[in-house]
Amino acid sequence: MQKRWFLGRRAVAALLFCLVLLLYRQTCRSRSQTRSRRPAGEDAFEALLQQHEQRYLQHSRNLTRRISQLKAELQRSTLELQEQNQSELEEFLQKQLRRAEVFTGEQLPNEFAVLPFESFTLRQVYQLESGLARLPVESVIGQERRNELNGALEAALHLLNQPQLRRVYSPQHFYEGIFRTERDKGTLYDLTFRENSVPDFRRMVFFRPFAPLMKVKEELMDASQILINIIVPLADAVDAFRQFVQHFSDACIRQDGRTHLTVVLFGSEKMHEVKGIVNGMSRRMKYRNVTLIRLNEAFSRGRGLDVGARAWKRSNVLLLFCDVNTRFSAEFLNSCRMNTEPGQRVFYPVMFSLYNPEVIYGQHVPSAEDQLVIRKDFGFWKDFDFGTTCQYRSDFINTGGFDVSVKGGATEDVHLYRKFLHSSLMVVRAPSRGLFHVWHPTVCHAQSSSETFKLCLQDKALNEASHSQLGQILFHQQINNHLHKYKQHNINS
């Protein structure tokens, strides 16, 4: 019984073992099948990822290569555009430079079409357009204008102080300059520098065509070799001529020393006195550069200047036409030299005309030299006068000189001025700080025509005093009455 039970238990155990073994094998087969299927899917996925990655890498390389090509094309286009823009800019600048009066003059119809220059030093600007203030000289220069002029000066000094040049220039070596702005072209600056005790000048010309400043000319001028022939027509104003010779002795002989005086005398009545004045100056100053020409005919300013200019038979001399009532400094003579060039430029300075000193100063009239001051109450820029001019004899002869058939000094001057405006010469018209017209009595003849007499009175009033001063003279009685009432009111109160 026990043996049978024992065998039954062993059979059950064997059966259970077989069942477990069967289950184990089934489980192992399932796991094996699972293991054999999973790596195949992963490989396909990884292969797919690699394929996409290679595709993206290739696309990235293509994009990188394309970006590089586009950058190269952009850089090349930028350079071409810059070159084109630079070429167009240079062409524009050269066009503006050709249009402006820099190298040659522009033919103008008349004197009203002339655009004058303004002259300036380090501290002052001399201007014809005085604005509301009516100031002939601007001492307190505005910030905008100061920056503009300082920019031109700094550019000139930078070029002058190049290492290869032996001299060193500073703002103190700036002598004078002129500038003007043409609204459709730009601004022209003509600057002159000079070292102390050195006879030559450095001239720098700049042009700002509404763009950066550009240098257009630089030259060295030896002013010591330029002689000025000063021609003065004279009729019967012997006392005025005596004062002129006294001034001439100081400015032209003592200070400058490079001048020749030509006096053209009309008539013979004053010949003895005039000759005595000239000989006295020659002996006193040991000065022999004088020519005295006598014309036995009625006075004609244009005729006298024309004869005086043509009488010079030596080299091509620089001429200065003026009158006995003109005063100029040695600095003006240098301005005359610097602003003229044979075949290129003539200089028509604007003089400062002084009022009647008895009206301005009253009983305390200073010396003649101390009256040469540019102030609003002392005088005005005589911009309608074209009688004083600096020009080379060759240019004067080539334009035909004065039209002696025209009667009247002012008319003769305007006709000559217009001849230069119609030529290819550049006419430099600018106020001059060293050129003055001294007051002298004006006689209006009653026997002349009513129109001439009226014009003479207008000219006399213009040169007598300023508008304000004439008003004080005209209304002086009312002014005195008002002051008297004012004093009485203060006493009573």
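Remark: pairs (first residue in the stretch 76-91, surrounded by 10 or more Cβ atoms within 10 Å (Cβ to Cβ); second residue at pLDDT 70 or above; Cβ separation under 9 Å; 6+ apart in sequence or on different chains) = Leu89/Ala211. Considering (1) open to solvent by 30 Å² or more (accessible area, probe 1.4 Å); (2) of a type outside the set (Gly, Ala, Ser); (3) touching a Gly at 6+ places or on another chain (Cβ under 9 Å), the lone condition that Gln488 does not fulfil carries the number (3).
A quick yes/no check of all residues on (1) out of contact with any Leu (no Cβ under 7 Å at 6 or more places or on another chain); (2) more than 25 Å from Phe210 (Cα to Cα):
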| residue | (1), (2) |
| --- | --- |
| Gln54 | yes, yes |
| Thr64 | yes, yes |
| Ser87 | yes, no |
| Leu97 | yes, no |
| Ala100 | no, no |
| Glu106 | yes, no |
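The condition (being surrounded by fewer than 19 Cβ atoms within 10 Å (Cβ to Cβ), charged (D, E, K, R) and either within 28 Å of Val114 (Cβ to Cβ) or not assigned by the TED database to the domain that holds Ser466 (or both)) is satisfied by just one residue among Arg208, Arg194, Arg203, Arg146: Arg146. The criterion of being among the small types (Gly, Ala, Ser), modelled with pLDDT under 95 and within 28 Å of Ser315 (Cα to Cα) does not hold for Gly267. The set of residues in the stretch 222-240 that are open to solvent by less than 30 Å² (accessible area, probe 1.4 Å), at pLDDT 90 or above and farther than 22 Å from Arg310 by Cβ comprises Val238, Ala240. Based on this model, can you work out whether Tyr126 counts as more than 29 Å from Ser466 (Cβ to Cβ) and either in contact (Cβ under 8 Å) with a residue 60 or more places away in the chain or over 18 Å from the mean Cα position of the chain (by Cα) (or both)? No: the conditions fail for Tyr126.
The values are calculated or read from the model by the stated rules, or taken from the named source; none is laboratory data. Computed from a predicted model, the values in this text were never measured in an experiment. A quick note on method: Cβ atoms are made from the backbone with ideal geometry, for glycine too, and the neighbour counts reach across all protein chains shown. The area values use the complete protein model at the heavy-atom level, side chains included, leaving out ligands, DNA and RNA. Shrake-Rupley method; radii C 1.70, N 1.55, O 1.52, S 1.80 Å.
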